[in-house]
Amino acid sequence: MGKLIVQKYGGSSVANVKKLKNVANRIAFYVKRGDRLVIVVSAMGDTTDNLLSLSEQINSSPSNREMDMLISTGEQISSALLAMALHKKGIDAISFTGQQIGIITDTYHTQAKILKIETERIKKELKQKRVVIIAGFQGVSTALEITTLGRGGSDLSAVALAVATGADMCEIYTDVEGIYTADPRLIPEAKKIEYITFDEMLELAARGAQVMQTRAVEVAKKFNIPLHVRSSFSKKEGTIIMEKAPYIEESVVRGVTLAENEAKITVCNLSDKPGIAAKIFDKLASANINVDMIVQNVSHKKITDISFTVPKSSVSKTIRISKQIAQKVGAGEVLSDENIAKVSVVGVGMKSHSGVAAKCFAALAKNKINIDMISTSEISISCVVKKSSGKAALKVLHSVFALKK
Ligand code: ADP
Ligand code: ASP
Ligand code: MG
């Protein structure tokens with residue numbers, strides 16, 4: 001029996017009729033080779049963004065259930081069209097929604113978690129020698145409602161399907177030839193990386209490299225499913241994301257990222273005593289707000305400010321909650337600043353090399369880029385800078401760590 005391969009084609013790979021036909025040709029190649037295929041597709045091109053913009057024009061705070069009803073439609077279109085393109089080539093294929101195939105999620109609309117995937121139907125169709133095409137990004141909740149898996153969620157659909165079916169391979173097809181040392185759209189001289197560890201990819205994704213969804217990498221790591229990220233427009237091998245990459249020697253920094261989708265919130269004039277920070281961040285956590293960097297200013301006369309970053313999409317909710325707490329604990333104003341960017345350097349080699357932070361700060365200083373906030377993990381350093389300096393900061397860091405071709 002041929003290999004069982006899960007292939008995910010992103011929005012850019014199915015953006016128009018010509019590209020859909022290109023995907024059908026690629027699939028035909030694997031079918032002829034004797035492979036069994038489970039295909040996951042994203043919505044065509046900017047479809048999801050366009051749907052979001054339509055909803056915004058109608059109601060700026062729509063119900064999450066209706067939002068899922070809306071944004072799940074894009075993937076249904078591309079999966080049906082791809083099935084038709086394969087039929088036209090004489091290849092037996094069948095498309096399914098997440099609900100039909102049994103991708104069961106929790107009830108958290110727009111950010112649902114996959115609880116379980118039924119595999120009977122997939123197995124049955126594969127046995128009939130059909131290509132199984134599944135609409136990515138969506139599932140059905142335990143309350144029988146349509147849910148979506150967060151932006152970029154088709155990556156997660158693919159990885160979860162690879163886990164559930166015990167696939168031999170999971171390939172993520174996109175519009176670049178793999179994972180690069182930086183977003184090649186921003187840094188044309190960025191280099192393609194042959195291998196990268198789950199941990200490094202997780203960190204790159206969480207810090208803004210949109211090429212893979214963070215949660216998808218988390219699941220791949222958890223189940224140790226290597227991922228092959230490659231281009232749907234070329235035959236070249238891409239990047240393998242795996243547990244332990246076969247490097248002879250670690251390079252200190254693997255890649256750099258820029259995130260422009262966060263905002264800084266500052267709660268002013270808090271009394272500097274135990275329990276205040278816990279109060280704020282407990283409430284934000286229970287409202288499912290993802291707080292990233294946190295900085296507390298030096299306290300003067302037992303009064304301090306706390307600043308933290310959150311996704312721009314959570315700003316109004318964060319301000320509302322922070323104001324309630326500020327009022328309760330007798331703090332001052334709550335300020336927000338959307339004019340920020342976060343640049344990060346990532347690499348497992350940082351564990352054994354010192355001086356990365358110093359080199360990073362010195363390079364930014366030399367280029368007169370002011371750092372507003374700093375945070376570090378074992379394998380990354382992130383700096384918040386003014387939005388207008390974000391791209392320049394990314395370029396400086398990419399070049400100072402010698403990541404160029
Ligand atoms: P898809 O539609 O296939 O899901 P995405 O737009 O989600 O594709 O992701 C691919 C894009 O991610 C690329 O076009 C590239 O600009 C961007 N990107 C950001 N960081 C990186 C990186 N380090 N390596 C490769 N691509 C990156
Ligand atoms: N179409 C969805 C999005 O744009 C899911 C995906 O592309 O992975 O976020
Ligand atoms: Mg994507």
Test: residue in region 191-198 that is open to solvent by 10 Å² or more (accessible area, probe 1.4 Å), free of Cβ contacts under 8 Å to residues at least 40 places away in the same chain, more than 25 Å from Ala341 (Cα to Cα) and in a loop (DSSP other than H, G, I, E, B): no
If we ask which residues in region 220-240 are crowded, with 20+ Cβ neighbours inside 10 Å, of a type outside the set (Ser, Thr, Tyr) and either within 10 Å of ligand 1 (Cβ to nearest atom) or not in a loop (DSSP other than H, G, I, E, B) (or both), their number turns out to be 5
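Are any residues in region 21-50 under 23 Å from the mean Cα position of the chain (by Cα), surrounded by 17 or more Cβ atoms within 10 Å (Cβ to Cβ) and more than 13 Å from ligand 1 (Cβ to nearest atom), and if so, which ones?
Step one: of region 21-50, the residues under 23 Å from the mean Cα position of the chain (by Cα) are 23, 38-50.
Checking the rest, the ones that are also surrounded by 17 or more Cβ atoms within 10 Å (Cβ to Cβ) come to 23, 38-45, 47-48.
Correct list: Val38, Ile39.
Tell me, please, whether a residue that is in contact (Cβ under 8 Å) with a residue 12 or more places away in the chain and farther than 22 Å from Ala402 by Cα can be found in region 376-387. Break it down stepwise before answering.
Applying the first criterion (in contact (Cβ under 8 Å) with a residue 12 or more places away in the chain) to region 376-387 yields 376-387.
Checking which are farther than 22 Å from Ala402 by Cα leaves us with 386-387.
The answer is yes; a qualifying residue exists.
With the structure loaded, tell me whether Gln76 is modelled with pLDDT under 95 and either within 14 Å of ligand 2 (Cβ to nearest atom) or closer than 21 Å to Tyr173 by Cα (or both) or whether it fails that test. Working first, answer last.
Working: modelled with pLDDT under 95: no; either within 14 Å of ligand 2 (Cβ to nearest atom) or closer than 21 Å to Tyr173 by Cα (or both): yes.
Criteria not met by Gln76.
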Checking the structure you have, find out if any residue of region 82-97 is in contact (Cβ under 8 Å) with a residue 60 or more places away in the chain, surrounded by 20 or more Cβ atoms within 10 Å (Cβ to Cβ) and within 16 Å of ligand 1 (Cβ to nearest atom).
yes
* Can we say Thr197 is among the β-branched types (Val, Ile, Thr), near ligand 1 (Cβ under 8 Å from one of its atoms) and within 29 Å of Ser375 (Cα to Cα)? -> no
Within region 107-141, the residues that are of a type in the set (Gly, Ala, Ser), in contact with a strand residue (DSSP E or B) (Cβ under 6 Å, 6 or more places away or on another chain) and within 16 Å of ligand 1 (Cβ to nearest atom) are Gly136
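With the structure loaded, tell me whether Asp292 is closer than 24 Å to Val343 by Cα and of a type in the set (Asp, Glu) or whether it fails that test.
On the way: closer than 24 Å to Val343 by Cα: yes; of a type in the set (Asp, Glu): yes.
The answer is yes for Asp292.
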Filtering helices (runs of 4 or more DSSP H) wholly in region 312-401 for at least 2 residues that are surrounded by 14 or more Cβ atoms within 10 Å (Cβ to Cβ) and in contact with a Ser or Thr (Cβ under 7 Å, 6 or more places away or on another chain) gives 315-329
Notebook entry, point to check: Of the residues that make up region 98-105, is at least one modelled with pLDDT of 95 or more and surrounded by fewer than 17 Cβ atoms within 10 Å (Cβ to Cβ)?
Noted result: yes
Given (1) within 26 Å of Tyr30 (Cα to Cα); (2) among the hydrophobic types (A, V, I, L, M, F, W, C); (3) more than 15 Å from ligand 3 (Cβ to nearest atom), Cys170 misses just (3)
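Pick out the one residue from Ile172, Ile146, Ile134 that is of a type in the set (Val, Ile, Thr) and open to solvent by 30 Å² or more (accessible area, probe 1.4 Å).
Values: Ile172 fails: open to solvent by 30 Å² or more (accessible area, probe 1.4 Å); Ile134 fails: open to solvent by 30 Å² or more (accessible area, probe 1.4 Å).
Selected residue: Ile146, the only one of Ile172, Ile146, Ile134 that is of a type in the set (Val, Ile, Thr) and open to solvent by 30 Å² or more (accessible area, probe 1.4 Å).
With the structure loaded, tell me whether Glu243 is within 16 Å of ligand 1 (Cβ to nearest atom) and either open to solvent by 10 Å² or more (accessible area, probe 1.4 Å) or over 21 Å from Gly178 (Cβ atoms) (or both) or whether it fails that test.
Numbers: within 16 Å of ligand 1 (Cβ to nearest atom): no; either open to solvent by 10 Å² or more (accessible area, probe 1.4 Å) or over 21 Å from Gly178 (Cβ atoms) (or both): yes.
So Glu243 does not fit the description; no.
Quickly run through region 244-297 and pick out the residues that are of a type in the set (Gly, Ala, Ser) and part of a strand (DSSP E or B).
From region 244-297, those of a type in the set (Gly, Ala, Ser) are 245, 251, 255, 259, 263, 271, 275, 277-278, 285-287; that's our starting set.
Matches in region 244-297: Gly255, Ala259, Ala263, Ser271.
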>> Residues that are in contact with a helix residue (DSSP H, G or I) (Cβ under 8 Å, 6 or more places away or on another chain) and either modelled with pLDDT under 95 or surrounded by fewer than 19 Cβ atoms within 10 Å (Cβ to Cβ) (or both): does region 293-305 have at least one?
In response: yes
Residue pairs qualifying under the 6 Å Cβ cut-off, at least six apart or on distinct chains, with the first in region 258-277 being at positive phi and the second being surrounded by 16 or more Cβ atoms within 10 Å (Cβ to Cβ) and not in a strand (DSSP E or B), are Asn269/Ala331
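The values are calculated or read from the model by the stated rules, or taken from the named source; none is laboratory data. From a predicted model like this one, the values you see are computed outputs, not experimental measurements. Positions of Cβ are generated from backbone atoms using ideal geometry, with glycine treated the same way; all protein chains shown enter the neighbour counts. Each accessible area value is taken on the protein alone, full model and side chains, heavy atoms only, with ligands, DNA and RNA left out. Shrake-Rupley method; radii C 1.70, N 1.55, O 1.52, S 1.80 Å.
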